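Here's the structure, in structure tokens; my notes come after.
The values are calculated or read from the model by the stated rules, or taken from the named source; none is laboratory data. Because the structure is a prediction, the values reported are computed rather than measured. Quick reminder, even Gly has a Cβ in these numbers, built from the backbone with ideal geometry, and neighbours come from all protein chains shown. These accessible areas exclude ligands, DNA and RNA; they are computed on the full protein's heavy atoms, side chains included. Shrake-Rupley method; radii C 1.70, N 1.55, O 1.52, S 1.80 Å.
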Amino acid sequence: QVQLVESGGGLVQAGGSLRLSCAASGRFFSSYVMGWFRQAPGKEREFVAWITQSGGSTYYADSVKGRFAISRDNAKFTVYLQMNSLKPEDTAVYYCAANLYAPTIVRTQYNYWGQGTQVTVSS
């Protein structure tokens, strides 16, 4: 069983930066594609970014491309989301997710989820 715990959320002014972390338990972290999703009130949970098992490939939603960067450290069983140039529309609960199969933007194809961490960007 895999457990994911996000941290690093908080309140930041527009234009600022935050770095989210997702710590994974379990023995097979390097076997998972990892993704970040976010959900704002009244909206569907939406894809943000994914990274392949060894970190060789990444992909971003258009809304965050050029501002966010996903990375992972398999030795530390951790995936990160560096968020720069934050905008009020980035305000959401951010979720870390693990996928046992192939990279995808589809939330239902991820097998494990963290509890989420709140990111609030003020204007």
Among the residues of region 8-46 satisfying the criterion of being part of a strand (DSSP E or B) and open to solvent by 60 Å² or more (accessible area, probe 1.4 Å), which is nearest to ALA61 (Cα to Cα)?
GLU46
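Collect the residues in region 47-83 that are surrounded by 14 or more Cβ atoms within 10 Å (Cβ to Cβ), in a strand (DSSP E or B), without any contact (Cβ under 8 Å) to a residue 60 or more places away in the chain and of a type outside the set (Gly, Ala, Ser), keeping them in residue-number order.
From region 47-83, those surrounded by 14 or more Cβ atoms within 10 Å (Cβ to Cβ) are 47-53, 55, 58-61, 63-64, 67-72, 74, 77-83; that's our starting set.
Those left that are additionally in a strand (DSSP E or B): 47-51, 58-60, 68-72, 78-83.
This time we only want the ones that are without any contact (Cβ under 8 Å) to a residue 60 or more places away in the chain, so: 48-51, 58-60, 68-72, 78-79.
Scanning region 47-83 gives VAL48, TRP50, ILE51, THR58, TYR59, TYR60, PHE68, ILE70, ARG72, THR78, VAL79.
Looking at TYR112, TYR94, TYR80, TYR60, which one is at pLDDT 95 or above and in contact with a Gly (Cβ under 7 Å, 6 or more places away or on another chain)? First the steps, then the outcome.
Details: TYR112 fails: in contact with a Gly (Cβ under 7 Å, 6 or more places away or on another chain); TYR80 fails: in contact with a Gly (Cβ under 7 Å, 6 or more places away or on another chain); TYR60 fails: in contact with a Gly (Cβ under 7 Å, 6 or more places away or on another chain).
Among TYR112, TYR94, TYR80, TYR60, only TYR94 is at pLDDT 95 or above and in contact with a Gly (Cβ under 7 Å, 6 or more places away or on another chain).
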From the set of residues in region 97-123 that are touching a helix residue (DSSP H, G or I) at 6+ places or on another chain (Cβ under 7 Å) and among the β-branched types (Val, Ile, Thr), which is farthest from GLY55 (Cα to Cα)?
VAL121
